[in-house]
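For reference, the structure is listed below as structure tokens.
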Amino acid sequence: MSGEKKKVGDGLQDVVATSSAICRIDIEDGRGVLEYRGYDIHDLAQNSNFEEVAYLLLFGELPRKKELELFKEELKERRDLPPQIIGLLTHLPPFTHPMVVLRTAISYLGSMDKYIHFKSHERSIEKAKSLIAKFPTIVAYHHRIRTGQNLIHPDFELGHAANFLYMLHGEVPSETEEKSLDLDLILHADHEFNASTFAARTAASTLADIYACVVAATGTLMGPLHGGASQRVMEMLREVAVPWRAESYVKEKLERGERIMGFGHRVYRQVMDPRTIELRVLAKKLAEEKEPKWVEISEAIAEAVYKYKGLLPNVDFYSASIYANLGIPDDLFINMFALSRISGWVSHIIEQYENNRLIRPRAQYIGADSREYKSLNGRK
Ligand code: ACO
């Protein structure tokens, strides 16, 4: 290795890879801005619902009343899984992580689509609706199977969020639970060129099929530096266990040079992620009706991380308390993220297909200088 060569910045920080009309992130007047198709995330959080947001991301405009009703019906009609997928969920080893299950099921769904390689706008939208609709059923069915419980089939009277909780727990959720999950889904739906979306778009730029692109995204989301952080946050909340232990836990972890999961962000470096603002309020509200300790420990950890490292919580931090209070098992937290982000992924994949140029960057070479090949006997 020639050590003197200067390395270009790692991680593509601040690099604009291509253009997109789906999501805008910015820092304006010292605050983080996030918009889906020009609509502010706070407005959407207060007034919208997941189905409407998914429609907005996919089609670029808010639906009119009839369009939203039709879209909701179309999602409901596509919730069922083919028996082969249920068979797959039954046969995977019980220790398989639910995110690995999800990406395997997506790949299997692709193998069953006769039109897998068709990429017209209409075909892609059809596949997108089917994936958005089926994600919750895959996650809930697999969880019921691995815990030895009977399958709860989709309830066509219930909306996207309520139906997922119903299929998972076997009970229709309360209004608070339904609204909480719905809001969580709105907030996680898209976030510009995050790692998983970039993986999806890179795959799409080769004109790979939509299932392959979603598998790439799902695998990428699982990493602990991306969506995988929420499960680690919950492990930390359980380890800390009481708010008064948070400060010493954080201090010691930072002294050992370890990262605190759920903190820091590549784009919102000095400002609060606008999604975190909404999620914090939601987590506190839910805690009033449910278990308050998760959010109390979270607040104590956030205070300590800011004190010792000046870092702010990211979208994965308060999500953990919310999921815990919705009775979601820890190892389904990343899947919860995927249930929402699928709407952003498919919108980006379709945008890439429709304005495509192969994504193929370069690497700065920092390896050995050119040298002569030596035969096996001549090597020292
Ligand atoms: N805990 C402790 N220190 C941290 C953390 C953290 N969570 N995040 C960043 N830092 C520190 C780094 O050590 C570095 O410190 P230094 O300047 O003293 O060396 C400084 O902050 C800058 O960090 P970078 O590594 O340059 O930040 P980068 O933009 O590459 O990483 C990332 C962003 C991966 C999100 C990082 O903050 C992290 O690892 N966070 C924990 C994992 C996490 O929560 N991921 C979810 C992100 S949100 C999402 O993807 C949905």
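The values are calculated or read from the model by the stated rules, or taken from the named source; none is laboratory data. Every value quoted in this text rests on a predicted model; they were computed, and no experiment measured them. Positions of Cβ are backbone-derived with ideal geometry, glycine not excepted, and every protein chain shown enters the neighbour counts. Heavy atoms of the whole protein, side chains included, go into the accessibility calculation; ligands, DNA and RNA do not. Shrake-Rupley method; radii C 1.70, N 1.55, O 1.52, S 1.80 Å.
For region 186-193, backbone phi angles converted through the Karplus equation (6.51, -1.76, 1.60; θ = phi - 60°) give residue-by-residue couplings of 4, 6, 9, 5, 7, 7, 6, 9 Hz, Gly and Pro being listed as x.
Phi-derived couplings, Karplus 6.51 cos²θ - 1.76 cosθ + 1.60 at θ = phi - 60°, listed residue by residue for region 121-136: 4, 4, 5, 5, 5, 4, 5, 4, 4, 5, 5, 4, 5, 8, 3, x Hz, with x used for Gly and Pro.
Under the 0.36 nm per residue contour assumption, what length would be gained going from the current alpha-carbon distance of Lys293 and Arg357 to full extension?
Details: separation 64, 0.36 × 64 = 23.04 nm, distance 4.95 nm.
Going from the current span to full extension adds 18.1 nm.
Sort 31-40, 215-224 by packing, meaning the average of other beta carbons within 10 Å per residue, with the highest value first.
Ranking the peptides 31-40, 215-224 by packing returns 215-224, 31-40.
Rounded, prolate or oblate: which fits region 10-154, taking a ≥ b ≥ c as square roots of the Cα gyration tensor eigenvalues, rounded meaning a/c under 1.5, else prolate when a/b beats b/c?
Numbers: a/c = 1.81, a/b = 1.56, b/c = 1.16.
Prolate.
Taking a spot 7 Å from the Cα of Lys251 along the direction of its beta carbon, which residues of region 300-314 have an amide N less than 18 Å from it? Residues passing the 18 Å test: 300-311. Cross-link partners of Lys307 among lysines, defined as those whose alpha carbon lies under 24 angstrom from its own and excluding same-chain residues fewer than eight positions apart: Lys251, Lys253, Lys284, Lys293. With R₀ fixed at 22 Å, the C-beta to C-beta distance from Gln84 to Asn150 puts the FRET efficiency at about 0.65.
Determine the dipole magnitude for the chain: charges of +1 sit on the beta-carbon of Lys and Arg, -1 on that of Asp and Glu, nothing else is charged, the reference point is the Cα centre, and the result goes in debye to the nearest 20.
Here the chain has a charge dipole of around 1880 debye.
Amide H contacts under 5 Å for Asn194: none, restricted to partners 5 or more places along the chain or on a different chain, H placed in the peptide plane at 1.01 Å from N.
R0 = 35 Å: FRET efficiency of Leu92 with Leu376, Cβ-based, nearest 0.05? Walk me through the intermediate numbers first.
Details: r = 44 Å, r/R0 = 1.27.
With R0 = 35 Å, the Cβ-Cβ based efficiency is 0.20.
With the contact rule set at Cα under 8 Å and sequence spacing of 6 or more, what percent relative contact order holds for region 19-357?
Numbers: 494 pairs, mean separation 80.4, N = 339.
Once divided by the residue count of region 19-357, the mean separation gives 24 percent.
Our coupling estimate for region 140-151, obtained by passing each phi through the Karplus curve with A = 6.51, B = -1.76, C = 1.60 and θ = phi - 60°, is 5, 4, 4, 5, 4, 5, 5, 9, x, 10, 5, 6 Hz, Gly and Pro reported as x. Rolling a 1.4 Å probe over the heavy atoms of the protein chains gives the chain an accessible area of 50 Å² per residue.
Run lengths n ≥ 4 of DSSP H only: what is the helix-derived mean residue ellipticity at 222 nm for the chain, with -39500 (n - 2.57) per run over all residues, to the nearest 500? Please list the in-between numbers first.
Values: 16 runs with 214 residues, N = 380.
It comes out at -18000 deg cm²/dmol, rounded to the nearest 500.
In this simple spin-label model, placing a label point 7 Å from the Cα along the Cα-to-Cβ direction at both Arg238 and Arg259 gives a separation of 2.1 nm. Mean projected area of the Cα convex hull of the chain, taken over all directions, amounts to 23.7 nm². Around the amide H of Val33, modelled in the peptide plane, lie the amide H atoms of Asp26, Ile27, Glu28, all under 5 Å away and 5 or more residues distant in sequence or on another chain. Scoring 157-166, 174-183, 10-19, 233-242 by mean Cβ neighbours within 10 Å over their residues and listing the highest first yields 157-166, 174-183, 233-242, 10-19.
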